[in-house]
C-alpha cells in the first residue's frame, strides 16, 4: 500500500532537513538534488519522488522554514502573559538551534526576493505577522518588528548577545506602552 503517511512525512522532512544543512553551511546557491540526496543519505530518485525539480525543492524548503518559524512563535505567544513581547523576543535567536534556523530563514528570504511568487508569499507572511502584532501591541507594530528583526541580525553577527537584544526589545515595548 502506497500513499502518504508517517513514513512519507518523515522521509520528506529528512530531505528538507538536508536542504537546511546545505543552506546553513553554504547558501541556497549550493542546493542541488544530487547534493541534497548525498546529505540526506538517499538516492537522487528518492529526492525527485518528493521534489521533482530544484525549484520544487527550494520552494518546499522555503515554506517549511517559514512554517517552522511561525509554529515556534505561536507556541511561545500562546504560553506567555505578554504575547507581544513573546512574539518579538522569539524572533531573536538565543540558542545554537535558533541561530541555525534564523540563518536558514534569512538565506531563503534572500532567495525569495528574486522570485516573484516567493517574494509575494514573503510579503504576505510579514503582513500577517504585522497584523497579529498590531492586534497585540497597537499601531507601532511595524517599528517594533523592524527593531526586533534588526536586533536578531546583530545577534548573528555577534554585535549583541541575545540577552542584550531582548532587553532592547523589552525597553522599546515599555517606552511605547
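Scanning the stretch 133-166 for residues that are closer than 15 Å to residue 86 by Cβ and without any contact (Cβ under 8 Å) to a residue 12 or more places away in the chain returns 135, 141. Which condition number in (1) part of a loop (DSSP other than H, G, I, E, B); (2) closer than 16 Å to residue 10 by Cα is the one that residue 81 fails? Of the numbered conditions (1) part of a loop (DSSP other than H, G, I, E, B); (2) closer than 16 Å to residue 10 by Cα, the odd one out for residue 81 is (2).
On the basis of being farther than 15 Å from residue 105 by Cα and either under 14 Å from the mean Cα position of the chain (by Cα) or surrounded by 17 or more Cβ atoms within 10 Å (Cβ to Cβ) (or both), does residue 61 make the cut? So residue 61 fails the test.
Residue-by-condition table, conditions (1) assigned to a helix (DSSP H, G or I); (2) surrounded by 14 or more Cβ atoms within 10 Å (Cβ to Cβ); (3) modelled with pLDDT under 95:
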site: 9; (1), (2), (3): yes, no, yes
site: 22; (1), (2), (3): yes, yes, no
site: 25; (1), (2), (3): yes, no, no
site: 37; (1), (2), (3): yes, yes, no
site: 76; (1), (2), (3): yes, yes, yes
site: 85; (1), (2), (3): yes, yes, yes
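Note on the stretch 39-49: among residues that are in a helix (DSSP H, G or I) and without any contact (Cβ under 8 Å) to a residue 24 or more places away in the chain, the one that is nearest to residue 156 (Cα to Cα) is 39.
All conditions but one from (1) assigned to a helix (DSSP H, G or I); (2) modelled with pLDDT of 95 or more apply to residue 52; the one that does not is (1).
The values are calculated or read from the model by the stated rules, or taken from the named source; none is laboratory data. Quick caveat: nothing in here was measured; it's all calculated off a predicted structure. So basically every Cβ, Gly included, is an ideal-geometry build from the backbone, and we count neighbours across all protein chains shown.
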